[in-house]
Amino acid sequence: MKLLEKVEELTLHTINQQHEIDNLKARLDKLESLTVSDTQHNDNKTMAGVLTAILALFVVVIGKNKFFKLIKTIKP
């Protein structure tokens, strides 16, 4: 009888642990999806910053007037 009680106790403990594992996995999946989304957003902001810096450098190198003339020729 004592062994049966122990088996039941351990079974309940194992079930509780599995519920805890499932909850932690769900939280981890949610955090990972948020992290990926934030990383992609930050990458886009970084790329925009790099492009702005390149354009600014281009303006300095070729001159403001030449840059604006070049932009006008590119626009349809």
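Listed values, structure above:
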quantity: Positive-end residue of V61, V7, G49, charge dipole of the chain with Cβ unit charges; calculated: V61
quantity: Rounded, prolate or oblate (a/c below 1.5 giving rounded, otherwise prolate when a/b exceeds b/c) for the chain by Cα gyration tensor; calculated: prolate
quantity: Rounded tilt (10° steps) of 64-74 against the dominant C-alpha axis of the chain; calculated: 70
quantity: Where the chain is the region considered: accessible area per residue in Å², 1.4 Å probe; calculated: 96
quantity: CD proxy at 222 nm, helix term only [per DSSP H run n ≥ 4: -39500 (n - 2.57); per residue of the chain; nearest 500]; calculated: -34500 deg cm²/dmol
quantity: Acute angle (nearest 10 degrees) that the helix 2-62 long axis makes with the longest principal axis of the chain, alpha-carbon atoms; calculated: 0
quantity: Surface share of carbon and sulfur [accessible, 1.4 angstrom probe, percent] for the chain; calculated: 66
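The values are calculated or read from the model by the stated rules, or taken from the named source; none is laboratory data. This one's a predicted model, so the numbers in the text were calculated from it and none came from an experiment. In this analysis, Cβ positions are derived from the backbone assuming ideal geometry, glycine residues included, and neighbour counts consider all displayed protein chains. Heads up: the accessible areas ignore ligands, DNA and RNA and are worked out on the full protein's heavy atoms, side chains in. Shrake-Rupley method; radii C 1.70, N 1.55, O 1.52, S 1.80 Å.
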